[in-house]
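Worksheet: the structure to be examined is printed underneath.
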Amino acid sequence: MELELFRQDLIQTSTCATGTLAVLPLTEEKKTQKVAAGDLSGVVQCFSVKKGDFNVAFKTLPSAANKVTSLVLGKGKSQRDKIFVAAGNQIKGVNKKGKEFFRFNTQLTETIRRVDVFEKNIWSAGEYVHNHFIEAKDKALYLCPDRINDAEVVPLAGPAELWPVLACQDRYVRVLRGSEPVYEAPTPAAPVSLQYVVDSHDPQHRFPNAKEVLYGTDTGTLVQLLLEAEAARQGFTLANPKKQGAVAAVYSGIDFTKTGMNNIVVGREDGGVEVLDLEEAGQLRTVYSIKLTESINTLDGGFLTGLLAQEFVMHTFSGKVISYAPPGGGLLVSNAEQPARGPLGMRSKAPSSVQAPGAEEEERRASYFKQIDRLRGEISALKQDIEAERQRFQVKGGDTAMLAMSAPFTVQDKCKLEVDEACYVLTIESAVPIFTVAIQCNAALQMLDVPSNVAILSRSPPDEANGNLTLATYRCQDSTNRLAVKFKVREGRSANLSAFVLPAISPKACVVVRHTIRPLCLHQRIVQMDTSRPTNELLITGQFTGGDAHNWMTGLLPDIPPTLPPGQDGASYVFQNTLLGTQLLCRYRGGEARFVSDLVSTLGIIHEHVMREATNAKLRVNVSFNPSAQSLQHSVALVWPQLEKQRTLKKTYSMLEGLAELKMQDGDISYLSQEYRSVLDRADKIRQEYKEQPQHLDHLVALIKDLYLDYCKLTGVATPKQRLPALEQLLNDTSSTLEQLMEFLLGQR
């Protein structure tokens, strides 16, 4: 069964944070449900829709100092129609008419990113700290070892005893009781969204006492977690083979497919929305999907525009509040004026029940045209406001430079490592259409194509005198609010990446976003190291503290918290190189830092970075290195298949043009060998592969040269410079073997 849903754009707010929309419960008067929404301009508003009429119950004034970062409904029996808003470090409560009845200044130093309220209990989650207050007094505090991406409270010990559940960046879902974690559930990737589901997706009722939590990861997977007071069980998993965006929001409260079990709605950072149905075999199936042009920040549902059918509603980054209703619900009529969208975003035929003339269709059509009249009235009022502001601006002198400075626009960005391709993707999303994005970096980046981009890439020659080794510009051809910049970078040195975002508005303004590329940028956190590998060990001792060693690590590797775990003088982390698959163990404390890896170059980069930082801090350290020839051979063997593939590709590409010319001149090429005819048959594929990775061979050759130099430096072997050209020639020679290369690296030839 595939669903048919109709889109309805309800209102437009300012740009918003995640989790800032909630649907109030249905009242006894059986009117449509009200929707409360907050945004980053500090506005909180509550509205409802009845027969096409939009009624605003209340709307607060904007406040730049009170950006709404979380908006929820109370969980107590008498609080379910009460709205609780977090802004900065304040929490306030308002009723459905907009009257403020509660205000609490938490005195926290972090911005509250998630709030939950049950009776006299308040839970707040910042970036690293989770607090529990009772009657506005501190009850418990938990300092998380890594960033808190989302939080929920779940009744694990009874209906009135709620325990916090945290989704943490270090790939754990933590269940708290008071100030202590009860247990930690490992996750396949960093969880970024969390949703407690009251009606569990457990048709066989195998775990009747378990509470279901759905979490989405930054790699785009959705996972079911069944929580109990003592332990957690993992349920179904929705994979992400199409490499869609991270799961930013999850909702499960409506049974669209009428199977007796609520469907799951998933909203992604790249604008994808999917409605999932759980089959009897326990597999998830997509019954509806659509792609928007901006990230989905919040999902909820209810009887929003009518009482005939429930619909789900979403709040996007730019502030659009959009609902999707099944046939027979919502405001839209199915006719040529308003084509509907079906599964996978394709146009759908309207159901016969909607097409048939009748009182219901006439009422829907009337409400539809009433909405059009309302929108036209709003546009006319906005035009008058713009004209009044323009006249006021001219009276005050009309300084466009000051206007540009006073009219900033919101940009959200994320620079994420793509594990499968060992590259980075910088995603930039703007509240207004993007005109141009200029990229500047003091490291050489290999810019890659992104098929979804509607922009033209222009590269400029490097400006080495000013340290600008990468200069590129993306010029957007169509109106778009989202742009992805994909690039590859070599490990070795730290770099600074800046993106200058220019909007398609006048007068021109610019927002700059910056990211740091760390020396070991291609490494990702993993849970456990493979001890069967041959490894090298680097040991650094001296008069340094655990905090000093931790600062070295934050400058070297991504995904490390800015501070040590609470109450500890050291830490231990395991990483994996996404390009080669090699691993790294970092274990350090005050006076000692130990690094174990099967790739010598990784230890060479760590050695160089630590020695530089220790020298700048005037710390005396001692270094010892325990090499392994087996580890060197193991590392080279990991690189060798890629090297062989790339140099064969380069050789094949170089002969392709000559063979193509022969084919054009002679026509009959039967006299050519089977190898050459095969090259001509695969001409398009060879050109595409070479276009995608023109510098990959050079990168692999440089990697093995660095591996050789690091091995010699750490083992104290003098490396004559005249051996490097011979090594490069050996690496580029398609007839050379792995055995010959190892003999060269170990000085046997």
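A short reminder: the numbers here are calculations on the coordinates, not readings from a lab. Note that the structure is a prediction, hence the values are computed from the model and not measured. Cβ atoms come from the backbone with ideal geometry, glycine included; neighbour counts cover every protein chain shown.
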Under-5 Å amide H pairs with Phe58, H placed in peptide plane, nonlocal only: Cys46
Cα convex hull volume per residue for the stretch 468-526 (Å³): 121 Å³
Under-5 Å amide H pairs with Cys521, H placed in peptide plane, nonlocal only: Gly492
Cut-off under 5 Å, modelled amide H: who pairs with Phe6 long-range: Ala325
Charge sum, other residues only, whose C-beta stays under 14 Å from Leu680's C-beta, Lys/Arg counted +1 and Asp/Glu -1: -2
Residue order, fewest to most beta carbons within 10 Å, for Leu603, Leu426: Leu426, Leu603
Folded to 0 to 90 degrees: helix 359-395 orientation relative to the chain principal axis, Cα: 70 degrees
Between helix 683-692 and the chain: long-axis angle, C-alpha atoms, 0 to 90°, nearest 10: 80 degrees
Of Lys486/Lys713; Lys96/Lys320; Lys97/Lys211; Lys82/Lys414; Lys618/Lys705, pairs whose Cα-Cα distance is over 28 Å: Lys486/Lys713; Lys97/Lys211; Lys82/Lys414; Lys618/Lys705
Neighbourhood net charge (9 Å Cβ-Cβ; Lys/Arg +1, Asp/Glu -1) for Arg114: -2
Cα-based Rg of the chain normalised by 2.2 N^0.38 Å, two decimals: 1.08
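Starting with the fewest neighbours, write out Trp640, Trp123 ranked by other beta-carbon atoms found within 10 Å of each beta-carbon.
By the 10 Å Cβ count, ascending: Trp640, Trp123.
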Whole-Hz couplings from phi, Karplus 6.51/-1.76/1.60, listed for the stretch 614-622; x for Gly and Pro: 5, 5, 5, 8, 6, 9, 8, 10, 10
Dmax and Rg, reported as Rg then Dmax, of the stretch 388-527 (C-alpha, Å): 17.6, 64
Ascending count of other beta-carbon atoms within 10 Å, so fewest first, for Ser430, Ser654: Ser654, Ser430
Trypsin sites (Lys or Arg not before Pro) within the stretch 97-150: DSSP coil, no more than 12 neighbouring Cβ in 10 Å: Lys97, Lys99, Lys120
Neighbourhood charge, 13 Å Cβ-Cβ cut-off, centred on Val287 and excluding it, Lys, Arg +1 and Asp, Glu -1: -4
Unsatisfied cross-links (Cα-Cα over 24 Å) in the set Lys242/Lys416; Lys59/Lys383; Lys50/Lys120; Lys67/Lys92; Lys291/Lys370; Lys34/Lys243: Lys50/Lys120; Lys291/Lys370; Lys34/Lys243
HN-Hα J in Hz across the stretch 16-29 - Karplus 6.51, -1.76, 1.60, θ = phi - 60°, x for Gly and Pro: 9, 8, 6, x, 10, 9, 8, 9, 6, x, 6, 8, 5, 5
The stretch 14-301: projected area of the alpha-carbon convex hull, averaged over directions, in nm²: 15.2 nm²
Equivalent-ellipsoid semi-axes of the stretch 523-626, from the Cα gyration tensor, Å, largest first: 21, 16, 12
Candidate lysines for bridging to Lys663, where Cα separation is under 19 Å - those fewer than 8 sequence places away on the same chain excluded: Lys651, Lys685
At 1.306 mPa s and 10 °C, Stokes diffusion of the stretch 571-720 via Kirkwood alpha-carbon radius, µm² per second: 84 µm²/s
